[in-house]
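Reading through the structure tokens given below for one structure.
Values quoted throughout were computed directly from the atomic coordinates according to the rules given, and no laboratory measurement underlies them. Since this is a predicted model, take the numbers as computed values, not measurements. Neighbour counts run over all protein chains shown; Cβ positions are idealised from the backbone, glycine included.
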Amino acid sequence: MNEYPAKIIKGLKIDPQIFTFRFSCKCSGECCLYGVFTDFKEFEKIISIKDKVIPFLDETQSADTKKWFEPPEEDEDFESGVAVGTNIVNSKCAFLDKNGLCTLQKLADTEGIHKWAYKPIYCVLFPLTVYEGSLTIDDEHIDRLKTCNKNPISETTIFEACREELRHFFGEEAFNELELYKDEYLNILKA
Ligand code: SF4
Ligand code: SF4
């Protein structure tokens, strides 16, 4: 986090580095190889729709729901206070199919509902994340990945690259507040 005064939106501190950090998303989805932490409520929702998910799995995935998730653990960065990681099956997230597509998103697309209706919010947010109450850049995970954002060639910032995701995460009103904060912050940098 830098020295600029923090802004709180929907209870989260906004790290203003998201407005300047250059990011280019052009790999084939390496982030999905490592799985994701879901909120306990998201875990319950996915298990509740298991009968719809299973027909979308391929031979590289497991239809055994006990293999989909790791044991729950306490984590205050999750709404319910409990996080549940997705398991790794055949060296990729249990929900990643052999073509590099997320089964949860495929299901939503087929049902004609919002594409991220079943997708864990941390999947939607990455390469951003919520860490200790702040919306910030998941730079540790970005650095760990071999292909993620290596040698970004465009001037696109992570905020611009994740605009649709941030709007989904915050909702229209709070996203507009975030955009105002961005303009204010960038004007101060220019001054
Ligand atoms: S976020 Fe990173 S790892 Fe994931 S698809 Fe984009 S560039 Fe690849
Ligand atoms: S749940 Fe879907 S988007 Fe999230 S890591 Fe797994 S395959 Fe990727």
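Rank 126, 170, 78 by mean-square fluctuation in a GNM of the chain with C-alpha springs under 10 angstrom and give only the top-ranked residue.
Answer for the Gaussian network model of the chain: 170.
If you take the Cα Rg of region 121-173 and divide it by 2.2 N^0.38 Å, with N the number of residues, what do you get?
Details: Rg = 11.7 Å, N = 53, 2.2 N^0.38 = 9.9 Å.
Cα Rg divided by the expected 2.2 N^0.38 Å: 1.17.
Would you report the distance distribution of C-alpha pairs in the chain as whole percents per 10 angstrom bin, up to the bin with the largest distance?
Taking all Cα pairs of the chain, the binned fractions are 8, 34, 35, 18, 4, 0 percent.
Considering only DSSP states other than H, G, I, E and B, which trypsin sites (Lys or Arg not before Pro) in region 1-62 qualify as loop sites with at most 13 other Cβ atoms within 10 Å? The partial results should precede the final answer.
Details: sites: 7, 10, 13, 22, 26, 41, 45, 50, 52; in loops: 10, 26.
The qualifying sites are 26.
In whole Å, what are the Cα extents of region 31-116 along the three principal axes, biggest one first?
33, 29, 23
What's the FRET efficiency of residue 80 with residue 26 using the Cβ-Cβ distance as r and R₀ = 35 Å, to the nearest 0.05? Walk me through the numbers on the way to the answer.
On the way: r = 34 Å, r/R0 = 0.98.
FRET efficiency, residue 80 to residue 26: 0.55.
Where the centre of each part is set by its Cα atoms, how far does region 131-157 sit from region 1-63, in angstrom?
13
Lysines near residue 10 by alpha-carbon distance under 17 Å, same-chain residues fewer than 8 away left out - which ones?
Partners found: 182.
Can you give the longest stretch of the chain with no exposed loop site, where a site means GluC sites (Glu not before Pro) in a DSSP loop (not H, G, I, E or B) with at most 15 other C-beta atoms within 10 Å? Write out the running numbers ahead of the final one.
On the way: sites that count: 3, 59, 76, 79, 132, 155.
The answer is 4-58.
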